[in-house]
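Undergrad: I'd like to ask you about the structure that follows.
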Amino acid sequence: MATEIATLKNPSFILQSRDNVTYEDRPIPELRSPYDVIVKPRWTGICGSDVHYWVEGRIGHFVVESPMVLGHESAGIVFKVGDKVKNLKVGDQVAMEPGVPCRRCVRCREGKYNLCPDMAFAATPPYDGTLARYYTLPEDFCYKLPEGMSLEEGALIEPTAVAVHITKQAGIKPGDSVVVFGAGPVGLLCCAVAKAYGAKKIVTVDINDERLKFALDFAATTSFKSARVSAEENAKTLIKDCELGPGADVIIDASGAEPCIQTAIHALRMGGTYVQGGMGKPEITFPIMAMCTKELNVKGSFRYGPGDYQTAVDLVSTKRISVKELVTGKVKFEDAENAFKDVKAGKGIKILIEGPPE
């Protein structure tokens with residue numbers, strides 16, 4: 001398989017339809033603009049959304065209707081640059097921000113390009129992803145990795161940027177008590193970014209003992225295992241066991257699970273802040289009375305916006321947070337499908353896929 005893939009000009013890992021992936025040769029992309037660069041992705045992380053498209057063939061109103069290259073958590077090496085590219089050169093190692101907005105709409109112009117209705121996001125139908133030998137991006141959506149920062153770390157910048165955006169939405173400040181529901185990659189990184197921003201107490205919440213232990217070793221200061229009781233009872237126990245006084249200052253849900261969301265609202269202090277980072281069911285039962293009487297600040301969080309990717313690079317490169325520990329597996333390009341199966345089965349934290357062999 002590796003020898004066969006090496007003979008292809010632009011080998012790509014493609015989702016043909018639900019539960020059906022193949023390797024194909026795609027045309028080598030061209031520079032669409034003099035401000036673009038062509039990158040050779042060298043490491044790509046597997047995101048839950050990638051697996052969801054593979055298993056379900058859709059996420060909400062995004063439906064896979066034609067073959068689509070998977071992958072969007074990538075770092076690579078600049079292969080070619082446009083005539084007007086100023087800050088990158090061939091051979092530079094870069095983290096790749098995989099969503100390109102229109103830059104002209106109201107949302108883009110007000111500084112919220114992540115909400116652009118015409119966003120072209122890698123591996124979100126109908127746009128191809130980064131699990132290929134070549135991928136084209138605008139220069140300003142490629143972030144040069146500082147010396148000493150590996151391409152594997154670069155591939156982790158995407159989920160780190162998600163965590164940066166979530167914590168920005170939360171307005172975390174020194175001394176805050178922060179609870180994070182869900183100890184998957186994004187939840188773990190939310191704990192790490194909260195710690196870097198000076199949070200005094202960081203509580204990780206999950207139902208998996210191994211993940212709770214990992215979170216404690218990684219960035220959290222204490223842990224709480226959810227019980228199968230009512231949300232209000234769970235919240236009372238959480239506040240008591242984790243010594244949160246009148247309740248947490250900030251709670252982030254990175255799980256998308258309905259019981260977690262309900263518990264979070266009850267576990268916040270008066271005037272606290274809640275941020276929804278995890279994707280879950282389209283509709284849930286929500287404790288609206290508790291939200292109103294506590295006058296909570298409730299926010300959503302979607303991908304990342306201006307400055308978030310660079311902040312993520314800076315946090316990792318200056319060692320304020322570490323992402324190496326999250327990498328629990330690395331596979332060759334030709335073993336990508338097996339890696340997807342492992343992620344679906346809940347094995348490990350973050351699995352990286354190497355770029356196609358030359």
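Read-outs: derived from the displayed coordinates by stated rules, not from any lab. These numbers come from a predicted model, not from an experiment. Counting neighbours? That spans all protein chains shown, and the Cβs are built from the backbone with ideal geometry, glycine included.
Undergrad: Compute the distance from the alpha-carbon center of region 297-358 to that of region 1-44, in whole Å.
TA: Answer, in whole Å: 19.
Undergrad: Would you compute, from DSSP H runs of 4+ residues alone, the mean residue ellipticity of the chain at 222 nm, taking -39500 (n - 2.57) per run and dividing by the full residue count, rounded to the nearest 500?
TA: -8000 deg cm²/dmol
Undergrad: Which aspartates and glutamates have a Cα lying under 14 Å from the Cα of LYS240, excluding residues fewer than 8 positions away in the same chain?
TA: Correct list for LYS240: GLU232.
Undergrad: Given the alpha-carbon gyration tensor of region 161-300, what are the semi-axes of its equivalent ellipsoid in whole angstrom, ordered largest first, with each equal to the square root of 5 times an eigenvalue?
TA: 19, 16, 15
Undergrad: Let me ask something else. Please state the relative contact order of the chain as a whole percent: Cα pairs under 8 Å, 6+ residues apart?
TA: In percent, rounded to a whole number, it is 17.
Undergrad: While we're on this one: What ranking of THR273, THR3 emerges when the number of other C-beta atoms within 10 Å of each C-beta is taken as an exposure proxy, fewest first?
TA: Ranked by crowding around the Cβ, least crowded first: THR3, THR273.
Undergrad: Let me ask something additional. Please report GLU30, GLU158 as a ranked list, fewest other C-beta atoms within 10 angstrom at the top and most at the bottom.
TA: Least to most surrounded, the residues fall as GLU30, GLU158.
Undergrad: OK, next. State log₁₀ I(q)/I(0) for region 61-123 at q = 0.18, 0.19 Å⁻¹ as given by the Debye formula over alpha-carbon point scatterers of equal weight, solvent excluded.
TA: Debye curve over Cα of region 61-123, log10 I(q)/I(0) at q = 0.18, 0.19 Å⁻¹: -0.90, -0.96.
Undergrad: Using the C-alpha atoms of region 61-210, what convex hull volume per residue, in cubic angstrom, is computed? Walk me through the numbers before you get to the answer.
TA: On the way: hull volume 25.9 nm³, N = 150.
Considering the Cα atoms of region 61-210, their hull volume per residue is 173 Å³.
Undergrad: Can you tell me the relative contact order of region 161-300? Whole percent, Cα pairs under 8 Å, sequence separation 6 or more.
TA: Computed value for region 161-300: 22 percent relative contact order.
Undergrad: A further question on this structure: Quick one: of the DSSP bridges fully inside the chain, what percent are antiparallel, nearest 5?
TA: 60 percent
Undergrad: Exposed loop trypsin sites (Lys or Arg not before Pro) only (DSSP loop, at most 14 other Cβ atoms within 10 Å): please give the longest stretch of the chain free of them, not including the sites.
TA: The segment 105-199 is the longest one with no such site.
Undergrad: Which entries of LYS112/LYS236; LYS9/LYS330; LYS112/LYS324; LYS112/LYS213 have Cα-Cα distances beyond 27 Å here? Intermediate values should be presented prior to the final figure.
TA: Values: LYS112/LYS236 37 Å; LYS9/LYS330 23 Å; LYS112/LYS324 30 Å; LYS112/LYS213 36 Å.
Over 27 Å apart, Cα to Cα: LYS112/LYS236; LYS112/LYS324; LYS112/LYS213.
Undergrad: Cut-off is 10 Å between beta-carbons; in what order do MET270, MET68 appear when sorted fewest neighbours first?
TA: Final ranking by Cβ density, sparse to dense: MET270, MET68.
Undergrad: In the chain, if the dipole is taken from +1 on Lys/Arg beta carbons and -1 on Asp/Glu beta carbons about the Cα centre, which of PHE333, LEU8, MET291 is farthest to the positive end?
TA: Projecting each Cα onto the dipole axis, the largest value belongs to MET291.
Undergrad: GNM on the chain, C-alpha springs below 10 Å: top fluctuator among ASP36, ASP314, ASP19?
TA: Of ASP36, ASP314, ASP19, the Gaussian network model singles out ASP19 as fluctuating most.
Undergrad: Measure off 7 Å from each Cα along the Cα-to-Cβ vector at GLN310 and VAL55, then give the distance between these two points in nanometres to one decimal.
TA: Spacing of the two 7 Å Cα→Cβ label points: 3.8 nm.
Undergrad: Based on the Cβ-Cβ distance of LEU8 and SER66, what FRET efficiency does E = 1/(1 + (r/R0)^6) give at R0 = 25 Å, to the nearest 0.05? Working shown, then result.
TA: Working: r = 20 Å, r/R0 = 0.80.
The calculated FRET efficiency here is 0.80.
Undergrad: Rg and Dmax of the chain, using alpha carbons, in Å: what are they?
TA: When restricted to Cα atoms, the chain yields Rg and Dmax of 20.5, 64 Å.
Undergrad: Can you tell which of VAL323, VAL90, VAL21 shows the greatest fluctuation in a Gaussian network model of the chain with Cα springs below 10 Å?
TA: VAL90
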